[in-house]
Amino acid sequence: RLGFTRQEGYVMKRAGIIAWVLVFLAAADLSTAATFTVNPGESIQAAIDGAANGDTIPVRPGVYNEQWLIKKRKNLQILGIISKTGKRAVIDGATLPGGDLVTFDRSTGVTFANFTVRNAINDGTLWNNITVWNSSGIKVQNNLINNGAGAGVELGLCVSCVVSGNKIQGNGQS
C-alpha cells in the first residue's frame, strides 16, 4: 500500500486519464487536414503536389492553362469556387502541347468538383479532358466538360467511381 486514501487514488487515476486524453488531442491536432487556396496565376498542380492526403484545395475562378496528374493520392478535395456571377475555375488545354488535362492515377477517394474543363487537343492522339485510371472512389461532380478531342471523361480500371451532375458536351468521344 502506498499510503493513499481511496479518494486520493481516485483523483490520481482521473488525472492520469485526463493526461492521456490531452496527449491524444495534441497528437490529433498535428494531423489535421489543411486547405491550400489557389488563385489565378498560381499553379494548381503545385498545390496538388504540396498537399497531404486529406487536404482540400479550393480553386478561385480564372483560366488555368495546365495539366494535372493526381497520382497515388487519398481523400484529397479539389474544389472549384463558383463566384456569385457563376464564373468558375477553367482548366483550358487550347495552348498546351497535348495530353489529358486532368488525370487520376492510382488514387483513392479524391473529389474533383465545380470546374470547367475544356479543349484537350488532337495532336494525332485524341486526348481526354478527364481520365480516371486504376483508382477507386473518385468523384467527378458538377463540372462543365467540353471540346475535348477524346472523351469528356474516361474511366479505366475504376472501382466505385462516381461521375455525376456534370454537363459533358462537344467532345470527340462523349
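The values are calculated or read from the model by the stated rules, or taken from the named source; none is laboratory data. All figures in this text were calculated on a predicted structure; none of them were measured in a lab. Cβ atoms come from the backbone with ideal geometry, glycine included; neighbour counts cover every protein chain shown. Heads up: the accessible areas ignore ligands, DNA and RNA and are worked out on the full protein's heavy atoms, side chains in. Shrake-Rupley method; radii C 1.70, N 1.55, O 1.52, S 1.80 Å.
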- line: Plugging the Cβ-Cβ distance of LEU157 and GLU42 into 1/(1 + (r/R0)^6) at R0 = 45 Å yields, to the nearest 0.05, a FRET efficiency of 0.90
- line: the stretch 102-120 and the stretch 139-173 have their Cα centres apart by a whole-number Å value of 9 Å
task: Sort VAL159, VAL117 from largest to smallest accessible area, using a 1.4 Å probe on the heavy atoms of the protein chains.
output: VAL159, VAL117
query: If you count, for each residue, the other Cβ atoms within 10 Å and average over each peptide, how do 63-70, 91-98, 33-40 line up from highest to lowest?
result: 63-70, 91-98, 33-40
task: Could you list the chymotrypsin sites (Phe, Trp or Tyr not before Pro) in the stretch 96-174 that lie in coil according to DSSP, counting only those with at most 13 other Cβ atoms within 10 Å of their Cβ?
output: none
- line: The local net charge around ILE130, scoring Lys/Arg +1 and Asp/Glu -1 for residues other than ILE130 whose Cβ lies under 9 Å from its Cβ, equals -2
The stretch 74-126, dipole about Cα centre (Lys/Arg Cβ +1, Asp/Glu Cβ -1), debye to the nearest 20: 340 debye
- request: Residues in the stretch 141-174, backbone N under 15 Å from the label point at LYS71 (7 Å along the Cα-to-beta-carbon vector): list them, ranges by number please.
  value: none
message: Going 7 Å from the Cα of LYS167 along its beta-carbon direction, which residues of the stretch 64-101 have the amide nitrogen within less than 20 Å of the resulting point?
response: 64, 79-94
